[in-house]
Amino acid sequence: MSAVDTTATAELTAREAELLSRVPDGLFIGGAWEAGTRQQIQVQDPATGRVIKRIANATPEDGIRALDAAVAAQEAWAATPPRTRAEILRKAFDLLQERRDDFALLMTLEMGKPLAEANGEVTYGGEFLRWFSEEAVRISGRYGQNPEGTGTMVVSQRPVGPCFFITPWNFPLAMATRKIAPALAAGCTVVVKPAELTPLTTLFFAQLLADAGVPAGVVNVVQTNTSGAVSAPIIADPRLRKLSFTGSTPVGRALLAQAAQNVLRTSMELGGNAPFIVFEDADLDKAVEGAMLAKYRNIGQACTAANRFIVHESVADEFSRRVAAKVAALRVGPGTEEGVTIGPLIDDRAVATMQALVGDAVERGARVLTGGTAPERDGFFYEPTVIVDVQPGSEILREEIFGPVLAITTFSTEDEAVARANETEYGLVGYVFTQDLARGQRMIDRVDTGMMGLNTGLVSNAAAPFGGVKQSGLGREGGLEGIHEYLSTKYTLIPA
Ligand code: NAD
């Protein structure tokens, strides 16, 4: 581990510099930190655009060595008693609570989210450690006579084997714990490749896992800025048993094609284009509150972010006016600053995307109620924005916005709302606001998504199965379902 580069971090506070100096800067392979090559990754603070740390950059050979370590550790980890695996995960949960402030600040520094939200992610991400520590001891099978009475059928669950995880930048801790915790609970070893934009949280977390007693080789981390080159040989290696990816649909599609060569088991948590439907009978206070959460949490950079607001024509003006008033009161600035509710976007490309999407919508007839520009300041900021009268065919209705822009369209009948909600190749989550119970139940069936928030703008929970349908992905993370992504079913017949 090296000290922070002080020339690049001149404006860090003493607390920030001290924290960054404790974050490992190597590759984590076989339980040891390795320096890697001289070609380093520069991690930026998106609130300032300044480099806050330089860390090792894995080569394809490093990736394969990490897989070697995971393969070598697999048998012993699978044979480790479930109670022991559970207690290690529980210890990791406890350590995360102790180190909460460090993790929260680190996420704010490398990703930009306001400190209060980073704290929320420590809570949410940590819950996967606790939930799967509890699930580790509940892996069970079936045992019974076959129908012919000529034998006993035993159905057991075995760990899948060595896994490869690729995670995105938007939830640096939770996207890692959501995969690592169930894998370890099931008895699998893992290689993790975090996003190159936010690798520090994963490195800090790898050290925490080692401190919690995770044996050498069970978790390995290879950060790289040549993701494709490092990932492809790992995915092609016949010793790998599972690929779990969270990220964009185009990258997921390409990885699925690679995984098909070895008929690899996969979990894919991909993009979303969530509809947010407000019926004429909705409680508008709840709908506005839900909209703020579903749109502006994580600066709009969540796969579950509400993307298309589909509001009944009779309440659209009032909903738009109330939501715009709240949005205009949000405070933009660095996530470390007290009272800030909207931090920076992850990079300058994200700012350019907001400008292009809003520009296209306005050109086609939309009106800006609030926001609509990128403030003149350091870092990658875009004002929280509300646009109304968004016309069909606008890019913003098709694309995953991934930023703080709330786009409103109107509808007149329930059938129209459903048709518009389902008019997308994505199907991760939908939000529906209605006080009519029967309508709410109809919408659960009719909106084609893996998850639904009924009169709420936030659905994620470690105890719930997170995941999508259509091109939002395959598999579920969390809940009872989550551990089965890392188990394979084995059937044995024992003749009578
Ligand atoms: P991304 O697809 O660009 O990158 C995700 C990860 O894949 C990163 O680690 C990146 O380095 C890696 N990667 C990129 N190209 C690769 C390649 N050719 N081979 C191997 N790895 C490669 O996505 P992002 O911008 O980091 O994250 C935002 C996306 O993630 C959004 O689409 C969002 O909806 C999605 N997301 C989905 C969920 C979910 O649970 N469904 C959760 C969070 C984010």
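Say we look at the range 213-232 and pick out the residues that are open to solvent by 10 Å² or more (accessible area, probe 1.4 Å) and not hydroxyl-bearing (Ser, Thr, Tyr); which of these is nearest to the ligand (Cβ to nearest atom)?
Within the range 213-232, the match that is nearest to the ligand (Cβ to nearest atom) is Gly228.
So which of Ile88, Ile139, Ile55, Ile64 is under 23 Å from the mean Cα position of the chain (by Cα) and of a type in the set (Val, Ile, Thr)?
Only one candidate passes the filter, namely Ile55.
Which of the strands (runs of 3 or more DSSP E) found entirely inside the range 380-496 contain at least 1 residues meeting this: open to solvent by 30 Å² or more (accessible area, probe 1.4 Å)?
405-411, 451-454, 487-495
Give the residues of the range 174-205 that are of a type in the set (Val, Ile, Thr), away from the ligand (no atom under 12 Å from the Cβ), over 17 Å from Ala302 (Cβ atoms) and part of a helix (DSSP H, G or I), sorted by residue number.
Within the range 174-205, Ile180 is the sole residue that qualifies.
Tell me, yes or no, whether the range 51-65 has at least one residue that is farther than 22 Å from Leu240 by Cα and open to solvent by 40 Å² or more (accessible area, probe 1.4 Å).
Taking every residue of the range 51-65 in turn, at least one turns out to be farther than 22 Å from Leu240 by Cα and open to solvent by 40 Å² or more (accessible area, probe 1.4 Å).
For the range 303-325, check the following and say yes or no: at least one residue is within 11 Å of the ligand (Cβ to nearest atom) and open to solvent by 20 Å² or more (accessible area, probe 1.4 Å).
Taking every residue of the range 303-325 in turn, at least one turns out to be within 11 Å of the ligand (Cβ to nearest atom) and open to solvent by 20 Å² or more (accessible area, probe 1.4 Å).
Might you let me know whether the range 149-164 holds any residue that is within 16 Å of the ligand (Cβ to nearest atom), touching a residue at least 40 places away in the same chain (Cβ under 8 Å) and either touching a helix residue (DSSP H, G or I) at 6+ places or on another chain (Cβ under 8 Å) or assigned to a loop (DSSP other than H, G, I, E, B) (or both)?
Among the residues of the range 149-164, at least one is within 16 Å of the ligand (Cβ to nearest atom), touching a residue at least 40 places away in the same chain (Cβ under 8 Å) and either touching a helix residue (DSSP H, G or I) at 6+ places or on another chain (Cβ under 8 Å) or assigned to a loop (DSSP other than H, G, I, E, B) (or both), which makes the answer yes.
Filter the range 460-485 for residues that are of a type in the set (A, V, I, L, M) and either touching a Pro at 6+ places or on another chain (Cβ under 6 Å) or near the ligand (Cβ under 10 Å from one of its atoms) (or both) and give the result.
Ile483 - this is the single residue of the range 460-485 that is of a type in the set (A, V, I, L, M) and either touching a Pro at 6+ places or on another chain (Cβ under 6 Å) or near the ligand (Cβ under 10 Å from one of its atoms) (or both).
Residue under question is Phe171, and the condition is that it be in a loop (DSSP other than H, G, I, E, B), aromatic (Phe, Trp, Tyr), within 16 Å of the ligand (Cβ to nearest atom) and crowded, with 24+ Cβ neighbours inside 10 Å; does it hold?
yes
Looking only at the range 264-310, count how many residues are outside any strand (DSSP E or B) and either farther than 23 Å from Arg178 by Cα or of a type in the set (Ser, Thr, Tyr) (or both).
Total satisfying the criteria: 16.
The values are calculated or read from the model by the stated rules, or taken from the named source; none is laboratory data. Quick caveat, the model's predicted, so the values are computed rather than measured. FYI the Cβ positions are ideal-geometry reconstructions off the backbone, even for glycines, and counts take in every protein chain you see. These accessible areas exclude ligands, DNA and RNA; they are computed on the full protein's heavy atoms, side chains included. Shrake-Rupley method; radii C 1.70, N 1.55, O 1.52, S 1.80 Å.
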